[in-house]
Amino acid sequence: MRYFLSVLLLSALSCGINRAETPIQKNGYFCAKQGTVLHYERYAPDGKHWWNQVTKIDSTALGEDGILKVGFTSTIKSFDVKAPIKGSVSSNAFVHKDGTVEINIAQAAATVAKNRYSAFKFKASGGSSYLSPKVKPGDTLEEIHGKVECAGMKLSIDYTERKVLRRETITVPAGTFDCIVVQERKVEKAPLMKRDNITLTWYCLGYGFVRHDSLLPDGSLESSELLVSISN
């Protein structure tokens with residue numbers, strides 16, 4: 001589940017404009033074109049193919065408040081590592097009028113947990129993430145703190161030390177993109193479990209994330225998630 005939380009936070013791109021969108025909203029770091037399918041692959045440093053992920057944009061709806069609600073579904077096919085979800089998981093993102101993308105990572109985590117343990121009831125709190133299209137190198141981003149509770153047990157998810165490092169042009173299987181690079185410290189805690197990672201994410205305005213690296217505490221690479229293709 002820990003790897004999939006990052007994917008839910010980042011998993012769709014702004015790859016076209018729906019007639020319900022405003023010109024600014026199309027430039028948010030999220031896909032707002034219904035029917036778009038995004039293909040990702042995750043690899044270990046030694047080249048082992050962990051899994052493929054397919055994310056489909058199912059729906060878009062512009063509310064009276066001017067906020068665009070985007071519904072999407074993600075499915076993972078395992079290769080060398082067991083998939084963190086069974087079947088598909090559906091979630092939502094919100095694109096504000098200025099292009100800022102809002103996702104609740106705690107609710108996403110609860111959705112993933114419910115997917116794996118359907119007999120239990122999970123409660124999410126906190127965890128709202130915001131990413132503005134106006135961020136620039138040197139900016140410090142707001143921390144994210146979320147919790148998921150079930151039967152008296154708690155999972156905490158914290159993103160701290162969030163900052164925009166630089167601009168960089170990178171090439172992935174889906175193409176070449178001009179990006180900003182965001183670094184974050186991600187800590188997940190639960191009974192008998194603690195994960196502490198540094199993540200690097202490459203975002204392209206109008207497309208969203210095209211690469212996501214997870215680093216171990218010693219700075220070595222744990223895995224890379226790459227955008228492979230976009231289809232309609």
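Summary of computed values
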read-out	value
Residues located in segment 200-221, provided they are touching a helix residue (DSSP H, G or I) at 6+ places or on another chain (Cβ under 9 Å) and surrounded by fewer than 20 Cβ atoms within 10 Å (Cβ to Cβ)	Leu205, Gly206
Residue list for segment 180-194, restricted to those being farther than 17 Å from Gly146 by Cβ, in contact (Cβ under 8 Å) with a residue 40 or more places away in the chain and more than 15 Å from the chain's Cα centre (by Cα)	Ile180
When residues of segment 76-105 are limited to those that are closer than 25 Å to Tyr43 by Cα and either among the small types (Gly, Ala, Ser) or in contact with a Pro (Cβ under 9 Å, 6 or more places away or on another chain) (or both), the one surrounded by the most Cβ atoms within 10 Å (Cβ to Cβ)	Ile76
Hey, Asp196 surrounded by fewer than 16 Cβ atoms within 10 Å (Cβ to Cβ) and either out of contact with any His (no Cβ under 9 Å at 6 or more places or on another chain) or outside any strand (DSSP E or B) (or both) or not	yes
Residue match in segment 196-216 (condition: of a type in the set (Gly, Ala, Ser) and closer than 21 Å to Lys48 by Cβ)	yes
Enumeration of residues in segment 154-184 that are surrounded by fewer than 17 Cβ atoms within 10 Å (Cβ to Cβ) and under 30 Å from Lys123 (Cβ atoms)	Lys154, Thr160, Glu161
Among the candidates Lys33, Lys56, Lys48, residue that is at pLDDT below 90 and out of contact with any Phe, Trp or Tyr (no Cβ under 6 Å at 6 or more places or on another chain)	Lys33
Leading residue by the ranking (farthest from Phe94 (Cα to Cα)) among those in segment 141-175 that are in contact with a Ser or Thr (Cβ under 6 Å, 6 or more places away or on another chain) and of a type in the set (A, V, I, L, M)	Ala174
Matching entry among Glu102, Glu64 (being of a type outside the set (Gly, Ala, Ser) and under 14 Å from the mean Cα position of the chain (by Cα))	Glu102
Some residue of segment 98-106 being at pLDDT below 90, under 24 Å from Gln183 (Cα atoms) and not in a strand (DSSP E or B)	no
Restricting segment 119-140 to residues that are crowded, with 18+ Cβ neighbours inside 10 Å and out of contact with any Ser or Thr (no Cβ under 9 Å at 6 or more places or on another chain), the residue that is farthest from Asn104 (Cα to Cα)	Val135
Residue tally, condition in a strand (DSSP E or B) and modelled with pLDDT under 95, over segment 203-220	5
Matching residues in segment 56-90 - criterion: being in contact (Cβ under 8 Å) with a residue 40 or more places away in the chain, part of a loop (DSSP other than H, G, I, E, B) and among the aliphatic types (A, V, I, L, M)	Ile85
Residue check, Glu188 over 20 Å from Gly127 (Cα atoms), among the acidic types (Asp, Glu) and assigned to a strand (DSSP E or B)	no
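The values are calculated or read from the model by the stated rules, or taken from the named source; none is laboratory data. Just so we're clear, the structure is a prediction, and the values are computed from it rather than from any experiment. Don't worry about glycine lacking a Cβ; one is built from the backbone with ideal geometry, like all the others, and counts go over all protein chains shown.
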